[in-house]
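Structure record follows, encoded as structure tokens.
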Amino acid sequence: MFSSEFLPQSLHFTSPLSKPTIPQSHSDSLVPRRFPNKTHLRNGASSAESREPHFPNLHNRDAHLMKLLNRSCRAGKHDESLYFLESVASKGFKPDVVLCTKLIKGFFNSRNLKKAVRVMEILETYGDPDVYSYNAMISGFSKANQIESANQVFDRMRSRGFSPDVVTYNIMIGSLCSRGKLELAFEVMDELLKDGCKPSVITYTILIEATILEGRINEALELFDELLSRGLHPDLYAYNAIIRGICKEGMEDRAVEFVQALSARGCNPDVISYNILLRSFLNKSRWEDGKKLMKDMVLSGCEPNVVTHSILISSLCREGRVGEAVNVLKVMREKGLTPDAYSYDPLISAFCKEGRLDLAIEYLHKMVADGCLPDIVNYNTILATLCKFGSADLALDIFEKLDEVGCPPNVSSYNTMFSALWSCGNKIKALEMISEMIRKGIDPDEITYNSLISCLCREGLVDEAIGLLVDMEATTFQPTVISFNIVLLGMCKAHRVFEGIELLITMVEKGCLPNETSYVLLIEGIAYAGWRPEAMELANSLYRLGVICEDSSKRLNKTFPMLDVY
């Protein structure tokens, strides 16, 4: 593909045509066939920009106008380019398909679909669109999830005598796959073959990845074999898609065999191949297999990269082997590798989990020194740890400086600070946090509602908590069993047992099934309200029905002993 710098200063317009005016824009002129959303294309798609236009001699005035058109297009000034395009087309000159295709792509990239359609109208009316320009339209509409419009362009393309090429079909197949319509994608593949069009490696890779996503690894392997039988040579992206799919199904040993067979096919695995396998092994704590894999990796001449070391660090931290994870970080540096955010995140979280805030902050500074700016997840981890260990004031100081460091707080940050401030008695400041969050346009989430409901219940404000539970139903976050259990606990503590029973009924009516905790809370509420025999009779009945486990039953019988039970 050529850089726009290599485009000539004047564009191709042939002699004036008979049509003196441009029709007004109407988006339905281009646009009906089934067709879905985002395309799934990697490199390899043909581009109109790689074709060199022909430029005849023009009168100075017209040549100047077209120079302006070309320059504005090269500068990415698409609105200006469209203005010049309409100007030259109104003089009857034939617009260049290469430039128009570039403009179409530019308008789609800036999400200005109407103007992309307008460029195509001009091209169809005064120029000669080709398969590349139609592909640009289909791709643009697909990415914008304007599927019906993409279908209409496809049909229009055929009606004007253009045969779809493999890129057209790849756009269609990728769009279907991205929307989970795999069977329709296979139908398009059949249509591709009937059309006499040869599928490419990209075509198969799209289908393989989509098939793996649905857990149909055997079908994915069949597609891979079909790819090979057609004499196509898969690239490492295709191989790694298969390796990833096999590992996803938990068949690491089979994936190793597949990797070992790559060399026989003349394609050596790369660091990505090994990283996929390593992550899968270590997720199952298969450390010996992981060590052997890394040894084979080095022997094959494939050096571990930053991602490899980050996988090791993350896996070690997950198993509590933080000291070893720190050593891996040191080895990275010795090898001249610069750790990234994925290298530091597990370590900072692990230090926080152990209560080692000094080390967490030290590694936060090291992270910054390595050119990795901490994100809000890192800061939220620090905030949560400070709050957990009773340092809400220090957490508040950090929280108030987040905007200054270019990392504005999110809903998790506010949730953490609200709970901490309320727990340490600063209820007014806690409520101010919620007000500030809403004022900034940050929508509360399920945790926000549950935290508020919990705090209200702890203060004995059960009616207010019930009101918030009702308000929650009007949001996108429907109350969960956790939300109901919080209110149920508040009701039972207030000895409002009958209302607790009604709440349990309401849960079921709303399709939210009570869990073991719900029943245990109710039993305890009934017992503490003075109906111990009835509570234990209910507990024993629920245990016999398998609703509560043996441990819960024993604990309840120990807490509320009844001589007649034995």
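The values are calculated or read from the model by the stated rules, or taken from the named source; none is laboratory data. Remember, it's a predicted structure, so these values are computed and weren't measured experimentally. Methodologically, a virtual Cβ is constructed for each residue, glycine included, from the backbone with ideal geometry; neighbour enumeration extends over all protein chains shown. Quick note on the areas: whole protein, heavy atoms, side chains included, nothing else; ligands and nucleic acids left out. Shrake-Rupley method; radii C 1.70, N 1.55, O 1.52, S 1.80 Å.
Restricting Ser435, Ser454 to residues that are under 30 Å from Tyr519 (Cβ atoms), open to solvent by 20 Å² or more (accessible area, probe 1.4 Å) and either polar (S, T, N, Q) or modelled with pLDDT under 90 (or both) narrows the list to Ser454.
Could you tell me whether any residue of the stretch 460-479 is of a type in the set (Gly, Ala, Ser), loosely packed, with under 13 Cβ neighbours inside 10 Å and part of a helix (DSSP H, G or I)? Can you show your working first?
Here is the first cut: in the stretch 460-479, the ones of a type in the set (Gly, Ala, Ser) are 460, 465, 467, 474.
Filter once more, keeping what is loosely packed, with under 13 Cβ neighbours inside 10 Å: 460, 474.
This time we only want the ones that are part of a helix (DSSP H, G or I), so: none.
The answer is no; no qualifying residue exists.
Given the structure, is Lys510 at pLDDT below 90, charged (D, E, K, R) and out of contact with any helix residue (DSSP H, G or I) (no Cβ under 9 Å at 6 or more places or on another chain)? No, not satisfied.
Quick one: which residue in Gly245, Gly196 is open to solvent by less than 10 Å² (accessible area, probe 1.4 Å) and of a type outside the set (Lys, Arg)? Write out each step before concluding.
On the way: Gly196 fails: open to solvent by less than 10 Å² (accessible area, probe 1.4 Å).
Just one listed residue meets the conditions, Gly245.
Conditions tested, residue by residue: (1) open to solvent by 10 Å² or more (accessible area, probe 1.4 Å); (2) in contact with a Lys or Arg (Cβ under 6 Å, 6 or more places away or on another chain).
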position: Tyr134; (1), (2): no, no
position: Ile138; (1), (2): no, no
position: Gln146; (1), (2): yes, no
position: Asn151; (1), (2): no, yes
position: Val166; (1), (2): yes, no
position: Gly174; (1), (2): no, no
position: Glu183; (1), (2): yes, no
position: Glu191; (1), (2): yes, no
position: Ile206; (1), (2): no, no
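Val306 meets all of the listed conditions (1) open to solvent by 20 Å² or more (accessible area, probe 1.4 Å); (2) touching a Ser or Thr at 6+ places or on another chain (Cβ under 8 Å); (3) over 30 Å from Val259 (Cα atoms) but one, namely (3).
Selection of the stretch 248-271 for residues being of a type in the set (A, V, I, L, M, F, W, C), open to solvent by less than 20 Å² (accessible area, probe 1.4 Å) and at pLDDT 90 or above yields only Ala255.
With the structure loaded, tell me whether Pro346 is open to solvent by less than 60 Å² (accessible area, probe 1.4 Å), assigned to a helix (DSSP H, G or I), under 18 Å from Asn305 (Cα atoms) and not basic (Lys, Arg) or whether it fails that test.
Details: open to solvent by less than 60 Å² (accessible area, probe 1.4 Å): yes; assigned to a helix (DSSP H, G or I): yes; under 18 Å from Asn305 (Cα atoms): yes; not basic (Lys, Arg): yes.
Against the criterion (open to solvent by less than 60 Å² (accessible area, probe 1.4 Å), assigned to a helix (DSSP H, G or I), under 18 Å from Asn305 (Cα atoms) and not basic (Lys, Arg)), Pro346 qualifies.
Inside the stretch 413-445, residues that are more than 21 Å from Asp471 (Cα to Cα) and aliphatic (A, V, I, L, M) make up a count of 4. Number of residues in the stretch 272-301 that are over 17 Å from Glu257 (Cα atoms) and either open to solvent by less than 30 Å² (accessible area, probe 1.4 Å) or hydroxyl-bearing (Ser, Thr, Tyr) (or both) equals 2.
Can you pull out every residue in the stretch 480-529 that is assigned to a helix (DSSP H, G or I), charged (D, E, K, R) and farther than 20 Å from Cys549 by Cα? Walk me through it before giving the result.
In the first step, residues of the stretch 480-529 are kept if they are assigned to a helix (DSSP H, G or I); the result is 481-493, 497-509, 516-528.
From the residues that got through so far, the ones that are charged (D, E, K, R) too are 493, 499, 502, 509, 516, 524.
Of everything in the stretch 480-529, those that are assigned to a helix (DSSP H, G or I), charged (D, E, K, R) and farther than 20 Å from Cys549 by Cα turn out to be Lys493, Glu499, Glu502, Glu509.
Would you call Ile447 within 26 Å of Arg496 (Cα to Cα), modelled with pLDDT of 90 or more, surrounded by 15 or more Cβ atoms within 10 Å (Cβ to Cβ) and not polar (S, T, N, Q)?
Values: within 26 Å of Arg496 (Cα to Cα): yes; modelled with pLDDT of 90 or more: yes; surrounded by 15 or more Cβ atoms within 10 Å (Cβ to Cβ): yes; not polar (S, T, N, Q): yes.
So Ile447 passes the test.
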